[in-house]
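Novice: Mind having a look at this structure? Questions to follow.
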Amino acid sequence: MAGHASVLEDDSPLSRADRALLRLERFLALLSGLAVFSLMVLAVVSVGGRNAFNAPLPGYVDWIEQAMPLIAFMGIAYVQRDGTHIRMDLLVSRLSGRTLWLFELISVLLILLLMVLLVWGSWAHFLRAFDMSAPLWSRDSSIDIGLPLWPAKLLAPVAFSVLCLRLLIQVWGYGRALVLGLETPVAVPLIQDVAAQAAAEAEQLAGHDNG
């Protein structure tokens, strides 16, 4: 990225929608972090049990498989909101005004199209594993201890759907900026240059010192 991204807020309906979705995104990102921490604990328990009692944690690999969607998908909408996904800014960083918002709008629309297809595909994948008439509502399970796989498969369409909502908000934001010719639109990530990023970090550190 060209630099750090900031998201401006105001009292507009767009900004209120942005903040409302942000609460859900932060919760999902928290779940993702807790999943990482849980895997660390499971690794300690499994290795400790193997070394101390020659009895590793049963189904350790199965639990890792269950946690992978939490780690991989739950935080993507939060990262998209802040503009911290990996992206190539070599060209975009040289643009400004309506030209910049047009390029950003096109890129977000393309991402949204891809994510809609992924929601459809991942939901179909979940339905193949889910069966209300089967034990634990599952048509398939993990190999070692037989954990049902449909909860993990459900996480992908849920996370992708939240990302689609975030992309719709950004389409709204970039489209509004394009039509109105705004310099600093709300609810979209604005890339800061190095000087602005350093000033923001200094202000944040000063706030911690004063606290």
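Novice: Magnitude of the Cβ-charge dipole of the chain, K/R +1 and D/E -1, about the Cα centre, nearest 20 debye?
Specialist: In debye, rounded to 20, the chain gives about 520.
Novice: In degrees between 0 and 90, to the nearest 10, how far off the longest principal axis of the chain does helix 150-180 point, with axes built from Cα atoms?
Specialist: The answer is roughly 0 degrees.
Novice: If all Cα-Cα distances of segment 54-107 are sorted into 5 Å bins from 0 onward, what percent lands in each bin, rounded to whole numbers?
Specialist: Histogram of Cα-Cα distances, whole percents per bin: 4, 14, 15, 15, 11, 9, 8, 7, 6, 4, 3, 2, 1.
Novice: Still on this structure, please answer the following. For L42 and L182 in the same chain, what is the full-extension length gain: residue separation times 0.36 nm, less their Cα-Cα distance, in nm?
Specialist: Gain on extension, L42 to L182, equals 45.4 nm.
Novice: Percent of accessible area on the chain owned by carbon and sulfur, 1.4 Å probe?
Specialist: 69
Novice: Another one. Compare the Cα positions of L163, L149, A17 along the charge dipole of the chain (+1 at Cβ of Lys, Arg; -1 at Cβ of Asp, Glu; about the Cα centre) and return the one farthest towards the positive end.
Specialist: L149
Novice: What is the ratio of the Cα radius of gyration of segment 11-194 to 2.2 N^0.38 Å, with N the residue count, to two decimals?
Specialist: After normalising by residue count via 2.2 N^0.38 Å, the value is 1.30.
Novice: Follow-up. With the other protein chains left in place, how much accessible area per residue, in square angstrom, belongs to segment 11-194 at a 1.4 angstrom probe?
Specialist: 58
Novice: Full extension from I145 to R16: what is 0.36 nm times the residue separation minus their Cα-Cα distance, to one decimal in nm?
Specialist: 41.9 nm
Novice: Sticking with this structure for a sec: Helix 97-129 against the longest principal axis of the chain: what's the angle in degrees, Cα atoms only, rounded to the nearest 10?
Specialist: It is inclined by approximately 20 degrees.
Novice: Give me the percent relative contact order of segment 25-156, please, defined on Cα pairs under 8 angstrom at least 6 residues apart.
Specialist: 27
The values are calculated or read from the model by the stated rules, or taken from the named source; none is laboratory data. As the structure is a computational prediction, the values presented were derived from the model and not from experiment. Cβ atoms come from the backbone with ideal geometry, glycine included; neighbour counts cover every protein chain shown. Side chains included, ligands, DNA and RNA excluded: accessible areas come from the protein's heavy atoms. Shrake-Rupley method; radii C 1.70, N 1.55, O 1.52, S 1.80 Å.
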